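For reference, the structure discussed in these notes is given below.
The values are calculated or read from the model by the stated rules, or taken from the named source; none is laboratory data. Note that the structure is a prediction, hence the values are computed from the model and not measured. Positions of Cβ are backbone-derived with ideal geometry, glycine not excepted, and every protein chain shown enters the neighbour counts.
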Amino acid sequence: MRRTKWEEYQKDIADDKYYYARSCIRQNFFPGSEKAFLDILRNDLGKDIFDDPLHTSCTGIGYHSDIVPFETIMTVVARQFALMHEAGYENFTSSCITSFGIYTEILNTWEEFPETEERTRENLFKATGRELVKPKSLAHTSDVIFHLRKEIAERMKRPLVNALTGEPLRVVEHIGCHYAKIFPKSGIGGSEFPYVLAGMIESWGGEVVDYPERRHCCGFGFRNYLVQANRGYSVANSQKKLESMAPYRPDFIVCNCPGCSMFLDKWQYTIAEMEGTTYGAHGHGIPVLTYEEMAGLVLGYDPWELGMQMHAVDVEPLLEKMGVEYDPSTKYLGPKGKYIGKPAAAAVNCSAGVTLYDIKK
Amino acid sequence: MGKLFDKLYEDIRVREGLKACMNCGVCTAICPAAEFYDYDPRQIISAVQMRDDETIEALLRSETIWYCGQCMSCRPRCPRGNTPGYIIQGLRTLSQRMGYFVESARGRQQLALKRTIGENIMKSGYCLVPRNISPDLHPEQGTVWRWVFDNDKDIYARFTPSYGREGAGALRRCSEATMQELHRIFEVSGGKEFFDDIERYSEQKAREMGYNGADENYMMDVFTQNTLAEE
């Protein structure tokens, strides 16, 4: 069923000449992934992608925390589109899943309620003097990598295969809710059978793991994480997913949403500290990768240049499974090779009892 | 049709999200918030579609409307094309415009969101920046984040040429001209007025509750106090 179902949800993804909008969460927690995305497109695949220093946040976290009104975010989004046009591009690609959901929602709103587009156009001009020109195509950056997955496969240096056994790596894919649950037709495979990450995994030699809570939210929940008092909601939902996937023994998790990548990683740290529970092999957490990191490893990038030292769950067990030759001594280096110290140990990496925090306090 | 319902229905998202709910409960079955809280999106839609102002006002003053995590898992599953998440967005917006949000503990948290995410946007152009993710307020970020936080310039320099500076790259500083445009957008489109309303209603409520206004003490209390047991 899955094989035929996803094909019903297709969309046009541009082949080249992209305008790139960065993500608040990804640039904070996975700056190496944003760099890798640009490097892969430009250096490995010879594409034209513009990294514009003029755009701002779409303000989406504020919007979904209900402090930024719809009229305001529509105008901020209109400014991003105006900047794209002024730079000479028409294919908009966003690094953030919530931004992608918002761009999709706003373009649909403008189509269905044309008066909202007109009012936004006026607001934008009044505030900035800029003119709204809508994009010809809109894609999430994971759509772009999916679209180019076969070109990446042709250049593959390390397939998603266990180097010792020759078996495909078992991969849990987690799709950010705002990728396709808001507008299923906007995502590869729709909301029930999303194929955007599964397509990459299969093209690069891995095996997709199905499990009961595959479509459950990571638990970000905006105000449910952002306000400290509410964080139980967030960790409980991540825990539900981790409990559900653990019996299927995945080698790693890959996400297309920067928030999900961060929460599924950081909440494993928290659960290990609070309860001593870990979900991977040998008492270790399950490594969580962004799809840029997965593509980067496949293409032979150095894991520390991809920024994988910024993960709470150490990725070394996965690197060893894949046969990645990495230098442990370069993991904690700053610019010009300066050693900058390393993080304190954590239970999620099998180092119980030596952490900085007593999280129960 | 009541006046509060009319106001609610002015919101495009409510018009888009409210068709004719048949109370099947699929939204509640799929809802992550319904699993964690005593929360039932089915009941909210059912209440709103009755168009009764008294019921809607009770919702606007309630804890209930603040539980949803806006994952929007309810949207693709509804067999009748309703979107409970959109109705929640409409209710929360109206609750803040009317000043009712300060009547619930969860609603009062909007001040914390305005003072963190909102002020990040107005100061930096981003919803979050590393220097504002303090390890002391975010112990769940763990030992690795503490290491990143303590060595931010060295760590980010490996991935971006413009950390905290103007120019292309991750975590670049938005230029003065860009920030002026963003501020103008907030003024012209009602975002600034919305922020000011959150502050104004919070200030009044804080004094009513015995605080010296919506000061740092009030802010930290709404940010940290878990009131779930009392709700």
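Worth pointing out:
- Filter pass, B:LYS153 being without any contact (Cβ under 8 Å) to a residue 60 or more places away in the chain, crowded, with 16+ Cβ neighbours inside 10 Å and more than 7 Å from every other protein chain (Cβ to nearest Cβ): no
- Candidate set from segment A:216-239 (those that are assigned to a loop (DSSP other than H, G, I, E, B) and not aromatic (Phe, Trp, Tyr)); member that is surrounded by the fewest Cβ atoms within 10 Å (Cβ to Cβ): A:HIS216
- Of the criteria (1) part of a helix (DSSP H, G or I); (2) surrounded by fewer than 22 Cβ atoms within 10 Å (Cβ to Cβ); (3) in contact (Cβ under 8 Å) with a residue 12 or more places away in the chain, which one A:VAL76 fails: (2)
- Lone qualifier among B:GLY210, B:GLY167 - being in a loop (DSSP other than H, G, I, E, B), free of Cβ contacts under 8 Å to residues at least 40 places away in the same chain and either facing chain A (nearest Cβ under 7 Å) or of a type in the set (A, V, I, L, M, F, W, C) (or both): B:GLY167
- Checked against (1) without any contact (Cβ under 8 Å) to a residue 24 or more places away in the chain; (2) outside any helix (DSSP H, G or I), A:TYR89 passes all but a single condition, namely (1).
- Test result for A:LEU319, out of contact with any Phe, Trp or Tyr (no Cβ under 8 Å at 6 or more places or on another chain) and either assigned to a helix (DSSP H, G or I) or within 11 Å of another protein chain (Cβ to nearest Cβ) (or both): no
- Filtered residue count, segment A:256-289, keeping only those that are within 14 Å of chain B (Cβ to nearest Cβ) and either assigned to a loop (DSSP other than H, G, I, E, B) or within 21 Å of the chain's Cα centre (by Cα) (or both): 18
- Selection within segment A:169-190 - more than 14 Å from chain B (Cβ to nearest Cβ), touching a strand residue (DSSP E or B) at 6+ places or on another chain (Cβ under 8 Å) and in a loop (DSSP other than H, G, I, E, B): A:LEU169
- Boolean, B:GLN70 is at positive phi, within 16 Å of the chain's Cα centre (by Cα), within 14 Å of another protein chain (Cβ to nearest Cβ) and not basic (Lys, Arg): yes
- Residue within segment A:129-141 that is under 18 Å from A:TYR301 (Cα atoms) and of a type outside the set (Val, Ile, Thr) present: no
- Residue within segment B:208-218 that is in contact with a Leu (Cβ under 9 Å, 6 or more places away or on another chain) and within 24 Å of A:ARG231 (Cβ to Cβ) present: yes
- Selection within segment A:134-168 - outside any helix (DSSP H, G or I) and either surrounded by 23 or more Cβ atoms within 10 Å (Cβ to Cβ) or aromatic (Phe, Trp, Tyr) (or both): A:ALA139, A:HIS140, A:LEU160
- Some residue of segment B:88-100 being farther than 24 Å from A:VAL227 by Cβ and modelled with pLDDT of 95 or more: no
- Scan of segment B:6-26 for residues that are away from chain A (no Cβ under 12 Å) and crowded, with 19+ Cβ neighbours inside 10 Å, ordered by number: B:LEU8, B:LEU18, B:CYS21
- Only one of B:ARG184, B:ARG173 that is within 27 Å of A:ILE73 (Cβ to Cβ) and not in a loop (DSSP other than H, G, I, E, B): B:ARG184
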